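Please treat every number below as a calculation from the coordinates, not as lab data. The model shown is predicted, which means the values in this text are computed figures rather than measured ones. Neighbour counts run over all protein chains shown; Cβ positions are idealised from the backbone, glycine included.
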Amino acid sequence: MKSSTKIWAIVSTTSIIVTIVLITGFVLAVQDIIAPSGNTVLMEDEGADREVPLAAPMEQSKEIKVAAIGDSLAKGTGDDDGKGFIRRVVGMLQDEENEVRVTANLAINGLTTEGLLPQLDETGVQYVLKQSNLILLSIGGNDLFKAAQAYEEGAAELPDAEELYETLPGGTTNLKEILRKIAEINPEAWIVYVGLYNPFNDLPDMKLLGNTVVSAWNSQALQLINTDDQMMMAETFDLFEHSVPQLLSSDHFHPNAQGYEEIAERIIEVLGIHDVHGQRVKTDDE
């Protein structure tokens, strides 16, 4: 009888404990739904006015936090290895014993300067840029070469010089505003703009015309970048000038793996020259 009483006492005590645990768990679950905790990257109700602390500048931070924004080149389209120049830059920086990570790649295929501008007003985009101390930007190729791409695909006549030059004033004005906005969002970050190349340099009808327009764009872009000590330009025109067949993917517009490797090496070279992380990043020639 005493044994039976003890068993029932144990069972009753266990039941009470289990019930308390279940109730506690239920209450905590409800609280978590109502007021979630943890590292939520972005919530709709946080609002655009929420103050987001900037990432520490590269000179002061132990970690290089890389964000990519812009068009399909920043996205890495055409690279069979799936790395693009972003992942390659990260790998090269890591080889120099830096702590490096990608905060986000915000690039979109087909994006133009006009399309990028409103994105820079979005809360999520601004959050990513504020959390980065190295921002890689690629934009402008779709502004200049839409007509040329259509010609290459057989859907239009060869664009004339006037048609291509018409894109310059609007495109470069947009680029100026893009650079201003990024610098305003994160004045501590280094901004690397990837200059344009002529993907149609091997086509007789587009070589001279394309080279002239791209050179004019790059020249104006460089003038804009030279006004801010936190900005720099990675030139790519010379990389592709005599090597278009070797460095382009099958679509004859985007770089292939080798092309992205060349661009990444140029970005590393530019970063090293500007001594952005306390010591010069070494290049293969050193």
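Computed quantities for the displayed model
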{"quantity": "Phi-based couplings in Hz for the range 164-170 (Karplus 6.51, -1.76, 1.60; Gly and Pro marked x)", "calculated": "5, 5, 5, 7, 5, x, x"}
{"quantity": "Unsatisfied cross-links (Cα-Cα over 25 Å) in the set Lys146/Lys176; Lys83/Lys176; Lys83/Lys207; Lys65/Lys146", "calculated": "Lys83/Lys176; Lys83/Lys207; Lys65/Lys146"}
{"quantity": "In order through the range 217-233: 3J(HN,Hα) via Karplus (6.51 cos²θ - 1.76 cosθ + 1.60), integer Hz, x for Gly, Pro", "calculated": "4, 4, 5, 5, 4, 5, 4, 5, 5, 5, 7, 9, 5, 8, 10, 8, 10"}
{"quantity": "Of the GluC sites (Glu not before Pro) in the range 51-135, those whose Cβ has at most 10 other Cβ within 10 Å and which sit in DSSP loop", "calculated": "Glu51, Glu97"}
{"quantity": "Sequence-distant residues sharing a close amide H with Val102 (under 5 Å, placed H)", "calculated": "Val66"}
{"quantity": "Per-residue ³J(HN,Hα) for the range 113-118, Karplus 6.51 cos²θ - 1.76 cosθ + 1.60, θ = phi - 60°, Hz, x for Gly and Pro", "calculated": "4, 5, x, 6, 3, x"}
{"quantity": "Distant-in-sequence amide H partners of Trp190 (H built 1.01 Å from N, under 5 Å)", "calculated": "Met58, Leu134, Ile135"}
{"quantity": "Inter-label distance, nm, simple model (7 Å from Cα along the C-beta direction), Ser243/Glu99", "calculated": "3.4 nm"}
